[in-house]
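Notes for the one structure printed next.
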Amino acid sequence: MKEGITLRESIKTRSEIDNKYKWNIERLYKDIEAWEQDFTNLKSKVPELESFSGRLSNAKELVRFLDISVEVSRLLDKLESYAYLRGDEDNSNAEFQVLSSKISAYSAEVSTTSAFFIPELLALPEGTIEGLIKSCAELKKYEFYLEKILNKKPHMLNAEQEKLLAIVSDSLYQAEELYDMFTSADIIFPKIKDEKGNEVQLTEGNFGSFRKSKDRKVRKAAFEAYYGTYNMYRNTMAASLMCAAKTTVTESKIRNYASALESSLKPNNIPVEVYNNVIDTINKNLSSLHRYVKLKKRLLNLEEIHMYDTYMPLFEAAEDSHIAYEDGVQMILEGLSPLGEEYSNIFKEGIREGWVDVFENKGKYGGGYSRGCYDSMPYILMNYNYELYDVSTLAHEIGHSIHSYYSRKHQPYIYARSEWFCQEVASTTNECLLMDNLIKKEADKKKRLSLINEQLEVIKATVFVQTMFAEFEKITHESVEAGNPLSADDLCKIYHDLNAKYFGPDIIVDEAIDIGWASIPHFYCDFYVYQYVTGYAAACSFSHMIMEEGESAVERYTTFLKSGCNDYPIEILKKAGVDMTTPKPIEDAIKKFDELIDMLEKEIQDSKTMCVVAEK
């Protein structure tokens, strides 16, 4: 067992973790008493919001409402951040769970109190808000914020209709909740035999590990058991997915959008062409993925390559990959050095000032994230386990955090939180720079091959597979819009054909994969997955420009980080040099994929011994 890696029974309690590895939560609130004081303060401010109902056509009243609304939102964000961060430190601490419940309930009350705002604003005669902005200098700072609200006007109903839609919305959007409940609580997978012949329970959590197994029998057994279980519920799963699609399509028609796709993209001013461009560009370059599948088939020495072989790594990860946290920080600093001294100094400040909660403790939330609020430093939750994956995760979350740091420093509160379309760009750019540097400097042939292969797998999963998911969504929604709901058999055929197209002529598209659509929870968040592709593509373009152009590209990139949401996401990226309305960013990601394959083939050709993982 590696030093620092513990069995579940021996995981430390929160109090046993050294304070230098805990986030500095006291900078947010020194104690619960201080939090309670602000909570009381918040409750005194909220009732005033209701008094502005019916008065928003007056410029000074509108400014006053917006100013108070900002005060309330900022304070609510601060209170929520503290409650949720403390709760995630140790979910067995009842005191913190009470705080989370208390602020969550009051947040709903705040929303109800100000619910009149947007309907009343949109009910004003055409040109009223524009006129108020011209007549009142204090409204100028809210101009873009108000513009985004006014853009919703063609898609808003009258007050009575909006009220009716709100009443039934909870019933309309039950498909996702039912799916989550079924897949997390009710679906039970069978037991399979692991590499040592032991009988183990297959779960959603361990399926990912089994499909990477060196033992092909284990991979196949896990694959067939996993998808075979979903297939038992194929009709229920199809009905659930069609219910979600019909709801999206129906609401898009009610709100007068040209399509369900437009209803998802237009609120952020993202042209439908951006979504279609992702699918079209990837489809024109599927030969790159086909080439990788063919190479994997050859390196694994397989007569046939099946779907259950596609996730197996080609090379062993380094056995001595135990990376101390402080060493991981240095690896990131080195990898991100092309971003300049200022960026590096902010990162060092974050480590020194306690942004990061590093190690696992009993009751701590799993995984990792970056959050905080306008009036706090960024906070990063991790469960560092001494692996390269953890170093990459820290680089990713630092990207989010420094993005937030810059935005909060350079934007007013209302424009400080970037849209999701941009959020993953900053984090993924860090990952790209880190991994490129690790590959470049790695002298050990075996480790270098493993790093190259890992990057290929990331691009395969993030760019190619997510685009396949996006195309599946487009096909299914367009079918519903045309009045042709799809059966389980229809969905399986669509998914089968897409897998065959994307993975190419060398792959055996096993029948079990046909039900794969039923295992993708993101299909219940309409037209969401394409943003993984655009996020990676933009990051790839940024990292390439930073390495090629140096300071001028860093300056453009830093401007992007400072922009928050002071413009629409497409425009913010375009100003920084990445135009997502063109194929170029997607092509940059594919070019990187091709270069990594070239690198892999050259490394193998130059090697005297192959270090491909041995098949059992």
Practice task
Sort the following peptides by mean Cβ neighbour count (other Cβ atoms within 10 Å, averaged over residues), highest first: 375-384, 105-114.
Solution key: 375-384, 105-114
Handout entry: lysines whose Cα lies under 22 Å from that of K348, excluding same-chain neighbours fewer than 8 positions away
Key = K20, K22, K409, K562
Exercise for the section: Quick one: angle between helix 466-481 and the longest Cα principal axis of the chain, in degrees between 0 and 90, rounded to 10, please. Expected result: 60
Completion exercise
Charge tally for neighbours of I459 with beta carbon under 14 Å away, counting Lys, Arg as +1 and Asp, Glu as -1, is -4
Handout entry: Crossing angle, helix 234-254 versus the chain [Cα axis fit, 0-90 degrees, rounded to tens]
Key = 30
Handout entry: Approximate shape of region 12-156 as ellipsoid semi-axes (Cα gyration tensor, √5λ), whole Å, largest first
Key = 39, 15, 14
Exercise for the section: Could you let me know the centre-to-centre spacing of region 64-126 and region 9-30, using Cα atoms, in angstrom? Expected result: 26
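Using Cα-Cα distances under 8 Å and only pairs 6 or more residues apart, what relative contact order does the chain have, in percent?
Details: 774 pairs, mean separation 121.9, N = 616.
With pairs under 8 Å counted, the relative contact order is 20 percent.
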Practice task
Rounded to whole Hz and in sequence order, give me ³J(HN,Hα) for region 386-400 from the Karplus expression 6.51 cos²θ - 1.76 cosθ + 1.60, θ = phi - 60°, writing x for Gly and Pro.
Solution key: 6, 9, 4, 4, 5, 5, 4, 4, 4, 4, 4, 5, 4, x, 4
Handout entry: Nearby lysines by direct alpha-carbon distance to K474 (threshold 23 angstrom, same-chain neighbours under 8 apart not counted)
Key = K246, K253, K266, K284, K460, K493, K501, K584
Completion exercise
In terms of the alpha carbon gyration tensor, root eigenvalues a ≥ b ≥ c, rounded if a/c is under 1.5 and otherwise prolate when a/b exceeds b/c or oblate, region 137-272 is prolate
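For region 12-156, what is the charge dipole size about the Cα centre, in debye to the nearest 20, if Lys and Arg each add +1 at the Cβ and Asp and Glu each add -1 at the Cβ?
Around 340 debye, computed over region 12-156.
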Exercise for the section: Counting other beta carbons within 10 Å of each Cβ, put K220, K152 in order, fewest first. Expected result: K152, K220
Exercise for the section: Show me 197-203, 400-406 ranked by packing, highest mean number of other Cβ atoms within 10 Å first. Expected result: 400-406, 197-203
Handout entry: Answer label for Rg and Dmax of the Cα atoms in Å (calculated), chosen among (1) 28.8, 119; (2) 33.2, 113; (3) 25.7, 80
Key = (3)
Handout entry: Exposure proxy order (Cβ contacts within 10 Å, fewest to most) of K474, K440
Key = K440, K474
Handout entry: Helix 216-231 vs. the chain, principal-axis angle (Cα, 0 to 90°, nearest 10)
Key = 40
Practice task
Considering the options C432, Y386, G54, tell which one lies farthest towards the positive end of the dipole of the chain, charges being +1 on Lys and Arg and -1 on Asp and Glu at the Cβ, about the Cα centre.
Solution key: C432
Problem - Neighbour-count ranking [beta-carbon atoms within 10 angstrom, fewest first] of K266, K60 - result: K60, K266
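No lab work stands behind these numbers, since they all come straight from the coordinates. Not measured: the values here are computed from a predicted model. Because the Cβ atoms are built from the backbone with ideal geometry, glycine has one as well, and the counts that use them run over all protein chains shown.
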